[in-house]
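Working notes, structure below.
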Number of protein chains: 2
Amino acid sequence: MKTLDERLTLLAEVVVRVGLNLQPRQELVLTAPIEAVPLVRKVAEAAYRRGASLVLPLLSDDALTLMRYQMADLEALKKAPAWLYEGLARAYREGAARLGIRGGDPRLLEGVPPEKIAVAQEAQAEAYRPALEAISQFVTNWTLVPFAHPAWARRLFPELPEEEAVNRLWEALFQVTRVDQEDPVAAWEAHNRRLGELVRYLNERRFHALHFRGPGTDLTVGLAEGHVWQGGAAQAQNGVVCTPNLPTEEVFTAPHRARVEGYVTSSKPLAYGGQVVEEIFARFEGGVAVEVRAKNGEAFLKALEADEGARRLGEVALVPASSPVAKTGLLFLETLLDENAASHLAFGQSYAENVPGSPEEQVQRGGNQSKIHIDWMIGSPDTDVDGLYEDGTRVALMRRGEWVI
Amino acid sequence: MKTLDERLTLLAEVVVRVGLNLQPRQELVLTAPIEAVPLVRKVAEAAYRRGASLVLPLLSDDALTLMRYQMADLEALKKAPAWLYEGLARAYREGAARLGIRGGDPRLLEGVPPEKIAVAQEAQAEAYRPALEAISQFVTNWTLVPFAHPAWARRLFPELPEEEAVNRLWEALFQVTRVDQEDPVAAWEAHNRRLGELVRYLNERRFHALHFRGPGTDLTVGLAEGHVWQGGAAQAQNGVVCTPNLPTEEVFTAPHRARVEGYVTSSKPLAYGGQVVEEIFARFEGGVAVEVRAKNGEAFLKALEADEGARRLGEVALVPASSPVAKTGLLFLETLLDENAASHLAFGQSYAENVPGSPEEQVQRGGNQSKIHIDWMIGSPDTDVDGLYEDGTRVALMRRGEWVI
């Protein structure tokens, strides 16, 4: 049995070699909560071992975030640090790799008036747009990785003392990041090959749409013209093959912004804006979610008013109900993990790597533009998915939540 | 006797009200080591109480800094995050206040090869230039404040257990920031008035030069034409009256870049670039330090090669040898403090508030331009300072290190 320290070292290796594939002389900009400093140091060590030029951490403090929501008024909450996000976008475009270390109290903002959350997050989304664009255009190699934040662990295991809760959460995270396997890097290479086979299969078929059928769901998701499926390792515009998101269990592509019809119900709660949004229901006409309902969904619903593209889909992703994340049996209340336990959709901005061409050509082909990108889970062990050709013939892709191809 | 927590609250009040004079709706960008998070939170609370729109912390980790110096090669060390510093300059110009929380191991880089430090700090200085310009042009209200970093406390009190060392350092810091006084804010207002009287006296006299005489020192520092003395509270270009540096005990102005003659010896060691530089000796001709020597001075001497203005003076400051900082009897190895225990000079960039006019006019008047600004202490209880008029007559300003005006 390896110690926590040894496994953190392995996780950092997986992050730097598989997730980022960091290059010699490359700068690494990472965002992380202050509680993640032990992992940040491990990652920096692995990065410098690979020849990184500079590891620049941008550390956040949930206590300050919460304090601001509690003490600042609506007008003050409209402020967001555009100068920082434009700087980040520039850093990515000039070659810096990006790592996001994720974790925190999913219910941090639970007592905060929803209008405060909505105002602040709208300003935040607007200011963050240049950075989001750089990431969605895949200008540089990047990845996200979770860490066992104590406040998160306490939410997931309220019955355990904090230290035990953190250890339990780490166990789950090492499992889903394949750090508990004999050779984690080799395990990721094998997994990336399997995702690559699924991607090749789907790209060869050139489906016109997908059809989801399950509890509360009967949804046809048209796919963008010339859409490209992606999954696992992929090549960024800077030429580096990286694995965005650790873990990643999905294959995903771009819906057609004007061809989504039917209704769909979320299969898992979604942690969004410091709230836990439940029972999301959306009905689509001509690509637009003309009706959306959700429990605790104030911030989520407000975000869908951000711009014209916010109520259209920017991503559709297929994940087997038996993925390693799902196998943990945990609802993590962290999208990075929960979206890898179930097929999902995202409202908002589509990814450049899913639709060929310039931003204008992407829109013509049905790609979507928005300053938001919010994933939410719709897949379950009762969900069937078909691929539809333009002539209406169909191919079974998933049955009862599992791949049948 | 107040608890540490209560005194941290008071220190945060002094920082926000006296140091920054933070305005309602103003953004605050602060830099701090991660160990300072408890003070960061206190400052944020005080800032939001004053109506701040956003408190954005940029937290650094000495462990990462040291790791980079140890693991990255010379080529990699040439990288500096220009995107971040240009963003900071933009934030200040767009109205954000600036707070620097200072503290750390003054000997952090002691084992690192000097050429590594020199290369990295040159790249850093070049990248940081836009931010330094914004600060030296005094575009926004700003201040610096120390905190008792454990590694710093261990260096100052190596004979004490860490917790006691930290407490001892806090005692000294509360003393010099006047937090130990009955009403710290009132004490600062009184002190700012006294500094204001000295400033008025010196500005009325319009000296042509200052003359320093002491052990190893016989130096005439010509003053820029139309030079303005500053000290204590001052008005930034955004109209806000703030107190840059907590503590501050100095009155200071701009030397004439071409009129410094004689020799000078440092009176205290200087912590620079993670090294402790001792016995600095400089001989000036026509404003240029034509000869500079120092013990452990590799990074310091290298910095003086940064550009044409780096070997000329950008600041001359008078501080009584009995200042509260000097009274602690401690050598802090932190310029923010040590420069407030002794009269000092700075190589490099002069401050816009010390020379009227546009940047071009400032240079014509003898102001200095450089990407560096490095203070070093020359005053002692044996130092005399005279003010010289253009006709050669002189007025005693300090005798045996104390004001005589």
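List of remarks:
- Net charge dipole size for the stretch A:103-212 [Lys, Arg +1 and Asp, Glu -1 on Cβ; Debye, nearest 20]: 540 debye
- Spin-label proximity, residue B:237 to the stretch B:134-169 - amide N less than 14 Å from point 7 Å beyond Cα toward beta carbon: B:134-142
- For a straight C-alpha distance cut-off of 23 angstrom, the lysines reachable from residue B:79 (same-chain residues fewer than eight places away being disregarded) are A:42, B:116, B:302, B:371.
- Top of B:73, B:338, B:62 by mean-square fluctuation, Gaussian network on chain B, Cα under 10 Å: B:73
- Cα-based equivalent ellipsoid, the stretch A:326-405: semi-axes from gyration tensor eigenvalues, Å: 26, 21, 9
- Prolate/oblate/rounded label for the protein assembly as shown (Cα gyration tensor, a/c 1.5): prolate
- Spatial extent of the stretch B:173-313: Rg and Dmax, with the Cα atoms as the point set, Å: 17.5, 49
- Whole-number Å³ per residue for the convex hull built on Cα positions in the stretch A:4-180: 115 Å³
- Evaluating 6.51 cos²θ - 1.76 cosθ + 1.60 at θ = phi - 60° for every residue in the stretch A:8-15, the Karplus couplings come out as 5, 4, 5, 4, 4, 4, 4, 4 Hz, glycine and proline recorded as x.
- Inverse mean reciprocal Cα-Cα distance (Kirkwood Rh) of the stretch B:64-154, Å: 14.8 Å
- Computed on the stretch A:4-180, with alpha-carbon pairs under 8 angstrom and 6+ residues apart, the relative contact order is 26 percent.
- Under 17 Å from residue A:327, Cα to Cα: lysines that are on another chain or at least 8 residues apart: A:268
- Applying 0.36 nm per residue to the separation of residue B:290 and residue B:110 and subtracting their alpha-carbon distance, the gain on full extension is 62.1 nm.
- Accessible surface computed residue by residue for the stretch B:4-180, with neighbouring protein chains in place and a 1.4 Å probe, gives 35 Å² per residue.
- Extending 7 Å from the Cα toward the beta-carbon at both residue A:3 and residue A:404 defines two label points whose distance is 5.1 nm.
- Global form of the stretch B:247-336, assessed from the alpha-carbon gyration tensor, a/c cut-off 1.5: oblate
- Within the stretch B:4-180, percent of DSSP bridges classed antiparallel, to nearest 5: 0 percent
- Cβ charges +1 (Lys, Arg) and -1 (Asp, Glu), total dipole of the stretch B:312-405, debye: 120 debye
- For the stretch A:60-134 versus the stretch B:1-75, the inter-centroid distance based on Cα atoms is 18 Å.
- FRET efficiency for residue A:185 and residue B:126, using Cβ-Cβ distance with R0 set to 45 Å, rounded to 0.05: 0.75
- B versus A: buried accessible surface, summed, Å² (probe 1.4 Å, to nearest 100): 3600 Å²
- Per DSSP, loop GluC sites (Glu not before Pro) in the stretch A:279-347 with at most 16 further Cβ within 10 Å: A:305
- Backbone HN-Hα couplings from phi across the stretch A:389-405 [Karplus 6.51/-1.76/1.60, Hz, Gly and Pro as x]: 7, 5, 7, x, 5, 9, 10, 5, 9, 9, 10, 6, x, 10, 4, 10, 10
- Global form of chain A, assessed from the alpha-carbon gyration tensor, a/c cut-off 1.5: rounded
- Computed magnitude of the charge dipole of the stretch A:4-180 (debye, nearest 20; Cβ of K, R +1, Cβ of D, E -1): 660 debye
- Pairwise alpha-carbon distances in the stretch B:112-165 exceed 19 Å for 61% of all pairs.
- Taking the stretch A:258-384 and dividing mean pair separation by its residue count, relative contact order in percent (alpha carbons under 8 Å, at least six apart): 26 percent
- Chymotrypsin sites (Phe, Trp or Tyr not before Pro) restricted to DSSP loop in the stretch A:54-152 with at most 12 other C-beta within 10 Å: none
- Candidates per chymotrypsin sites (Phe, Trp or Tyr not before Pro) in the stretch B:301-404, loop by DSSP, up to 15 other Cβ within 10 Å: B:389
- Selection from A:156, A:84, A:71 lying farthest towards where the dipole of the stretch A:4-180 points positive, charges on Cβ: A:84
- Taking chain A and dividing mean pair separation by its residue count, relative contact order in percent (alpha carbons under 8 Å, at least six apart): 15 percent
- For the stretch B:4-180, with +1 on Lys and Arg beta carbons and -1 on Asp and Glu, the positive-most of B:21, B:124, B:170 along the dipole: B:21
- Each residue of the stretch A:52-66 was assigned a 3J(HN,Hα) from its phi angle through the Karplus curve 6.51 cos²θ - 1.76 cosθ + 1.60 (θ = phi - 60°); the sequence is 4, 7, 7, 10, 10, x, 10, 9, 10, 10, 4, 4, 5, 4, 5 Hz, with glycine and proline shown as x.
- Distance in nm between pseudo-label sites at residue A:396 and residue A:200 (7 Å out along the Cβ direction from Cα): 2.4 nm
- Sites counted here are trypsin sites (Lys or Arg not before Pro) in a DSSP loop (not H, G, I, E or B) having no more than 15 other Cβ atoms within 10 Å; the longest part of chain A that contains none of them is A:3-205.
The values are calculated or read from the model by the stated rules, or taken from the named source; none is laboratory data. Keep in mind it's a predicted model, so treat the numbers as computed, not measured. Cβ atoms come from the backbone with ideal geometry, glycine included; neighbour counts cover every protein chain shown. Just so you know, the surface numbers come from the protein's heavy atoms only, side chains and all, with ligands and any DNA or RNA stripped out. Shrake-Rupley method; radii C 1.70, N 1.55, O 1.52, S 1.80 Å.
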